[in-house]
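One structure is given here, and the rest of the page talks about it.
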Amino acid sequence: MEPQLLTHPIAQAMLTRLRQKSTSSLEFRHLVRQLTVQLGLEATQDLPTVPHTIQTPVATCSGVVLDASVAIVPILRAGIGMAEPLIEMMPDAVVRHLGLFRDEKTLKPVTYYEKLPGGHLPDICLVVDPMLATGGTAIAAMQLLRNWGAVDIRFLAILGAPEGVAALRDADPDVRIYLAGLDDRLNERGYIIPGLGDAGDRQYNTL
């Protein structure tokens, strides 16, 4: 399944500011939140709803409420900055954390934390991580969620590389991928080019 890209000019202008080396951590976090809102709206356009009648200050009004359970799954640590705006959009969603990092020597994912409790499984899992580079971390996350029993998984990232998209698509073709931008390639260190640097370091000012 091909990734769905944000094409709105405002989103693309935000992405340009996000990439810029001189952008502060404060503005970087703000831009990540704003782009995540747009990605979240794209990724949830088909959420089912049921009719719901309310009372406005002046009249009765027919509306809807969501009719699907949603889990927001940030890949720690960088994914936390994307999880928060989604929780604000969908306050009834649950949050399930996965701690994975990429070994900088082997470029392989390492799992250090997994919080996927038993009980009712969500209808939809929104996995969030700012970067889809080699795809190793995303694939490991998908495997953990599939083993948990998740069926409808959607992966949201700010930037992707063709290599990572292809790897994730090959490993789990049913995962829907949503990106703000798809870049040219990976370099020899597995970094997205032109990219935006290390999203976790830039969010949390740990450069």
Expected single match for under 14 Å from the mean Cα position of the chain (by Cα), modelled with pLDDT under 95 and not β-branched (Val, Ile, Thr) among 160, 200 is 200
Picking from 189, 154, 169, 96, which residue would you name as being crowded, with 16+ Cβ neighbours inside 10 Å, out of contact with any helix residue (DSSP H, G or I) (no Cβ under 9 Å at 6 or more places or on another chain) and of a type in the set (D, E, K, R)?
169
Count of the range 173-186 residues which are under 16 Å from the mean Cα position of the chain (by Cα) and surrounded by 19 or more Cβ atoms within 10 Å (Cβ to Cβ):
6
Residue 171 over 14 Å from residue 74 (Cα atoms), among the aliphatic types (A, V, I, L, M) and without any contact (Cβ under 8 Å) to a residue 40 or more places away in the chain
yes
Kindly check whether there is at least one residue in the range 99-115 that is farther than 19 Å from residue 201 by Cα, modelled with pLDDT of 95 or more, of a type in the set (D, E, K, R) and surrounded by fewer than 20 Cβ atoms within 10 Å (Cβ to Cβ).
no
Where a residue in the range 19-44 is farther than 15 Å from residue 5 by Cα and in contact (Cβ under 8 Å) with a residue 24 or more places away in the chain and its partner, wherever it lies, is surrounded by fewer than 19 Cβ atoms within 10 Å (Cβ to Cβ) and among the acidic types (Asp, Glu), with Cβ under 8 Å and at least six apart
33/84
Residues of the range 120-157 satisfying the condition of being out of contact with any Gly (no Cβ under 6 Å at 6 or more places or on another chain) and at positive phi
149
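How do the strands (runs of 3 or more DSSP E) wholly within the range 1-93 filter down when requiring 1 or more residues that are surrounded by 14 or more Cβ atoms within 10 Å (Cβ to Cβ): which remain?
60-66, 70-76
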Considering only the range 116-135, state which residues are surrounded by 22 or more Cβ atoms within 10 Å (Cβ to Cβ) and within 15 Å of residue 170 (Cβ to Cβ).
132, 135
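The values are calculated or read from the model by the stated rules, or taken from the named source; none is laboratory data. Worth saying up front: this structure is predicted, and the values here are computed from it rather than measured. Glycine gets a Cβ as well: all are built from the backbone with ideal geometry, and neighbour counts include every protein chain shown.
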